[in-house]
Amino acid sequence: MADTAAAEKPQKPLPRPSPESVPYWEAAARHRLEIPRCNACGNYWFPPSASCPHCLSTHFAWTQVSGRGKVFSFVVFHRVYHPAWEGDVPYVVALIELEEGPRMLSNVVGIPVDQVTCDMPVKVVFDDVASGVALPKFTPA
Ligand SMILES: [Zn+2]
């Protein structure tokens, strides 16, 4: 009796956009980093929400940002918490501070994990993980 389940490679879960984050993921699929920018006070914010966390205005526009920022903080994962990441350890999970101000959780890629430092300049890259799904990640600028 064939055990097909054992032969299947574990899959990484894909993002499940909330109503507030759909535009973010649609932009990412087109390799554009877009975040909300308030029409009233001009501030950017992330993660997406229905109103500006600075002034509570509900008038905002999805705006493309530079994709440049710096590593605010990071950790190196050495342990496999999900079987789909077995080939990826060690990897970096970092809080990236965008040039425009907001911080986002992501990965730093394209550099040995022991060379990642706080305040390191980074720029966005897009990892096409499935058809129509890309994850914004960051690499040294
Ligand atoms: Zn505002």
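The values are calculated or read from the model by the stated rules, or taken from the named source; none is laboratory data. Nothing here was measured: the structure is a model prediction, and the numbers come from that model. Neighbour counts run over all protein chains shown; Cβ positions are idealised from the backbone, glycine included. Ligands, DNA and RNA are excluded from the accessible area calculation, which covers all protein heavy atoms including side chains. Shrake-Rupley method; radii C 1.70, N 1.55, O 1.52, S 1.80 Å.
From the residues Tyr44, His31, Ala141, which one has its Cα farthest along the dipole of the chain in the positive direction, the dipole being from +1 and -1 charges on Cβ of Lys/Arg and Asp/Glu about the Cα centre?
Tyr44
List residues of the stretch 110-135, by number, whose backbone nitrogen lies under 13 Å from a label position 7 Å along Cα→C-beta of His54.
From the stretch 110-135, the list is empty.
Under a 1.4 Å probe, what is the accessible area of the stretch 15-140 per residue, stated in Å²?
56 Å²
Got a number for carbon plus sulfur as a percent of the chain's accessible area, 1.4 Å probe?
In the chain, the share of accessible area belonging to carbon and sulfur is 53 percent.
Students often forget the sequence filter, so: which lysines lie under 16 Å Cα-Cα from Lys12 once same-chain residues fewer than 8 apart are removed?
Excluding near neighbours in sequence, the set is Lys137.
With a 1.4 Å probe and every protein chain left in place, tell me how much accessible area Lys123 has, in Å² to the nearest 10.
The value for Lys123 is about 100 Å².
Using the charge dipole of the chain (Lys, Arg: +1 at Cβ; Asp, Glu: -1 at Cβ; taken about the Cα centre), state which of Val76, Val65, Ala94 has its Cα farthest towards the positive end.
Of the candidates, Val65 comes out farthest on the positive side.
Give the list, by residue number, of cysteines in the chain with no other Cys Cβ closer than 4.7 Å, or say none.
Lacking a cysteine Cβ partner under 4.7 Å: Cys118.
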